Amino acid sequence: MGGQGTGANLATVVALEASSHGEPRIALQLLICPVTDGDLGRPSYHDAANQVSLTRDAVAREWAAYVPEVAQRNRPEVAPLQASQAQMSSMPSTVIITAEHDPLHDEGELYARALLSAGVQVDYRCHPGQMHGFFTTLQLPGSERGSQQVVKAIRACLAYEFQATPELKMRQAAKNEIVGC
């Protein structure tokens with residue numbers, strides 16, 4: 001299950017809900033430049049270099065449309081970064097891709113770290129020099145690198161799900177990686 005930006009928010013909120021009920025079982029999350037929290041005060045929201053394709057004001061408008069009542073924006077049901085470690089611990093393996101010049105960068109990285117802390121297998125990569133939307137802007141070199149990361153994760157997930165021995169599953173689950181900008 002996956003998405004980009006607000007789509008990634010919806011995907012991870014659905015995964016959080018599914019993991020809390022134990023079904024449906026989701027094998028992998030693919031989160032591209034995800035919205036994971038309603039806190040627009042993080043440094044990446046105020047860095048002028050990050051106001052290119054997505055601005056802080058645009059994100060504020062999206063939050064106002066999604067969850068009009070500001071006090072409700074810190075609920076895990078809309079801001080998965082606010083979920084407890086216990087809630088996060090049953091989340092599926094997760095790929096998180098962020099862009100260095102994106103207002104959403106900080107919350108994407110924080111979400112990766114929170115999932116890791118909860119014991120979830122995470123493959124996080126920040127793509128240096130890239131802006132929000134780079135993943136689907138095929139002319140940008142980061143788009144190909146991001147796509148390769150996603151393909152690698154899907155292949156590994158399929159191998160894990162259908163072919164891996166229990167010993168291999170344990171070794172794969174032990175691999176967690178954070179690669180920042």
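Inspect all residues belonging to the range 100-115 and state whether any of them is closer than 19 Å to Glu17 by Cβ, without any contact (Cβ under 8 Å) to a residue 60 or more places away in the chain and not acidic (Asp, Glu). Among the residues of the range 100-115, at least one is closer than 19 Å to Glu17 by Cβ, without any contact (Cβ under 8 Å) to a residue 60 or more places away in the chain and not acidic (Asp, Glu), which makes the answer yes. Residues of the range 1-15 that are over 9 Å from the mean Cα position of the chain (by Cα) and surrounded by fewer than 21 Cβ atoms within 10 Å (Cβ to Cβ): Met1, Thr6, Gly7, Leu10, Val13, Val14. Taking the range 1-71 and the helices (runs of 4 or more DSSP H) fully enclosed by it, the elements with 1 or more residues that are among the small types (Gly, Ala, Ser), modelled with pLDDT of 90 or more and in contact with an Asp or Glu (Cβ under 6 Å, 6 or more places away or on another chain) are at 43-46. The set of residues from the range 125-160 being part of a strand (DSSP E or B) and either of a type in the set (A, V, I, L, M) or modelled with pLDDT of 90 or more (or both) comprises just one member, Met131. Pairs linking a residue in the range 49-72 that is under 25 Å from Pro128 (Cβ atoms) to a residue that is of a type in the set (Val, Ile, Thr), with Cβ atoms under 6 Å and 6 or more positions apart or on different chains, do not occur.
The values are calculated or read from the model by the stated rules, or taken from the named source; none is laboratory data. The structure displayed is predicted, hence computed values, not measured ones. Methodologically, a virtual Cβ is constructed for each residue, glycine included, from the backbone with ideal geometry; neighbour enumeration extends over all protein chains shown.
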